[in-house]
Amino acid sequence: MLTEASREANFTNEAGIDGTIRYLRNVMGLWLLQESIRAWAGQGRPADLDVLLAEAARVPALRAVIDPDDPVFLPPGDMPARIVAACRGSGQPSPETPGEVVRCILDSLALAHRRAVLQVQELSGRHVGTVHIVGGGTRNTLLCQLTADACGLPVVAGPAEAAALGNVLVQARALGAGPADLAGMRALMRATQPLRRYEPAGGTAPWAAATSRVAAGG
């Protein structure tokens with residue numbers, strides 16, 4: 001996809017195995033969460049991720065959201081303070097507890113996934129029927145469910161070590177010790193790795209309204 005609209009939307013074309021092309025747009029990952037936990041630990045408030053996620057799950061959805069791709073969130077440092085400042089600056093309720101900060105982060109990431117899915121469909125003219133999450137994010141069940149809710153699409157999560165397993169499969173194929181084609185490699189992955197499916201719930205209308213809120217700066 002070499003259109004001007006794709007370039008303006010920051011989509012690229014990444015070459016893959018067997019001549020495949022991945023139409024790609026990077027979205028901020030779990031950096032915001034990781035850096036927030038590091039900041040709390042540096043303040044003498046070490047936080048357990050499972051406890052934080054349980055607290056976040058009890059916070060009302062979409063109370064406050066940010067644009068996780070905003071360059072202000074790229075440098076290391078006191079991420080929770082930056083998130084609070086962004087919420088206040090956009091006229092939203094500012095998160096006060098670590099659980100509220102985490103919920104803001106996860107809601108905002110799910111919204112970013114929604115925007116990317118909608119964009120890729122519009123720019124490519126192809127329908128997306130399922131969202132796949134691989135890597136460390138598969139272990140964050142709340143984020144996976146929120147992504148399904150935001151996109152209005154089922155999410156299939158797994159494998160957690162996608163990059164390493166893909167590397168092993170390609171090397172095995174080169175040595176004649178694995179499937180000889182891409183379809184076979186994918187089938188082997190599905191048959192040997194635990195995958196979890198999340199179904200959307202609650203409708204997408206609140207997420208659509210929140211997307212407009214982020215675009216308008218609050």
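The values are calculated or read from the model by the stated rules, or taken from the named source; none is laboratory data. Keep in mind that this is a model prediction, so the values were computed, not measured. Every residue, glycine as well, gets a Cβ built from its backbone with ideal geometry; the counts of neighbours run over all protein chains shown. When the accessible area is computed, the model is the full protein with side chains, heavy atoms only, and any ligands, DNA or RNA have been set aside. Shrake-Rupley method; radii C 1.70, N 1.55, O 1.52, S 1.80 Å.
In Å², and per residue, what accessible area does the stretch 86-143 have when probed at 1.4 Å with the other protein chains present? Kindly include the intermediate steps, with their values, before the conclusion.
Numbers: 2580 Å² over 58 residues.
Per residue, the stretch 86-143 has 44 Å² of solvent-accessible surface.
So for each of 179-187, 24-32 I average, over its residues, the number of other beta carbons within 10 Å; can you give me the resulting order with the highest mean first?
24-32, 179-187
For the chain, what % of the accessible area comes from carbon and sulfur atoms, probe 1.4 Å?
Details: 6530 of 11600 Å².
Using a 1.4 Å probe with all protein chains present, the chain comes out at 56 percent carbon and sulfur.
Points 7 angstrom from Cα along the Cβ direction at Glu8 and Gln43: gap in nanometres?
Modelled inter-label distance: 4.0 nm.
Hey, got the dipole for the stretch 1-103? About the Cα centre, +1 on K and R Cβ, -1 on D and E Cβ, debye to the nearest 20? Let's see the in-between values first.
On the way: 10 positive and 14 negative charges, 44 e Å.
The dipole of the stretch 1-103 has a size of about 220 debye.
On a 1.4 Å probe surface of the protein chains, which of Arg103, Arg45 comes out largest in accessible area, and what is the full order?
On the way: Arg103 15, Arg45 115 Å².
Listed by decreasing accessible area, they come as Arg45, Arg103.
Can you give the helix-only mean residue ellipticity at 222 nm for the chain, where every DSSP H stretch with n ≥ 4 adds -39500 (n - 2.57) and the sum goes over all residues, rounded to the nearest 500 deg cm²/dmol?
Values: 9 runs with 110 residues, N = 218.
Helices in the chain give a 222 nm mean residue ellipticity of -15500 deg cm²/dmol.
Within the stretch 139-167, whose backbone N sits under 16 Å from a point 7 Å along Cα→Cβ of Ala209?
Zone members listed by number: 150.
Which longest uninterrupted range of the chain lacks any GluC sites (Glu not before Pro) assigned by DSSP to a loop state (not H, G, I, E or B) and surrounded by at most 15 other Cβ atoms within 10 Å?
Numbers: sites that count: Glu96, Glu161.
With GluC sites (Glu not before Pro) excluded where exposed in loops, the chain gives 1-95 as its longest stretch.
Hey, what does the equivalent ellipsoid look like for the chain, semi-axes from the Cα gyration tensor as sqrt of 5 times each eigenvalue, largest first, whole Å?
Numbers: eigenvalues 205, 91, 56 Å².
Each semi-axis is the square root of five times an eigenvalue, giving 32, 21, 17 Å.
Could you give the dipole magnitude of the chain about its Cα centre, charging the beta-carbon of Lys and Arg +1 and that of Asp and Glu -1, in debye to the nearest 20? Present the calculation step by step, with values, prior to reporting the outcome.
On the way: 20 positive and 20 negative charges, 56 e Å.
It comes to approximately 260 debye.
Give me the Debye-computed log₁₀ of I(q)/I(0) at q = 0.12 Å⁻¹ for the stretch 52-134, equal point scatterers on Cα only, no solvent, two decimals.
Taking Cα atoms of the stretch 52-134 as identical point scatterers yields -0.42.
Just add up the charged neighbours of Ala209: K/R +1, D/E -1, any other residue whose Cβ is under 15 Å from the Cβ of Ala209. Spell out each step's value before the answer.
Working: positive: Arg63, Arg114, Arg115, Arg213; negative: Asp107, Asp149.
Neighbour charge sum, excluding Ala209 itself: +2.
What does the charge count around Pro75 come to, taking other residues whose C-beta lies under 15 Å from its C-beta (Lys +1, Arg +1, Asp -1, Glu -1)? Show your work: numbers first, answer last.
Working: positive: Arg38, Arg82; negative: Glu35, Asp69, Asp70, Asp78.
With Lys, Arg at +1 and Asp, Glu at -1, the neighbours total -2.
Roughly how many Å² of Phe11 are accessible to a 1.4 Å probe, to the nearest 10?
It works out to around 20 Å².
Starting at the first residue of the stretch 90-96, write each ³J(HN,Hα) from the Karplus equation 6.51 cos²θ - 1.76 cosθ + 1.60 with θ = phi - 60°, in whole Hz, x for Gly and Pro.
9, x, 9, x, 8, x, 10
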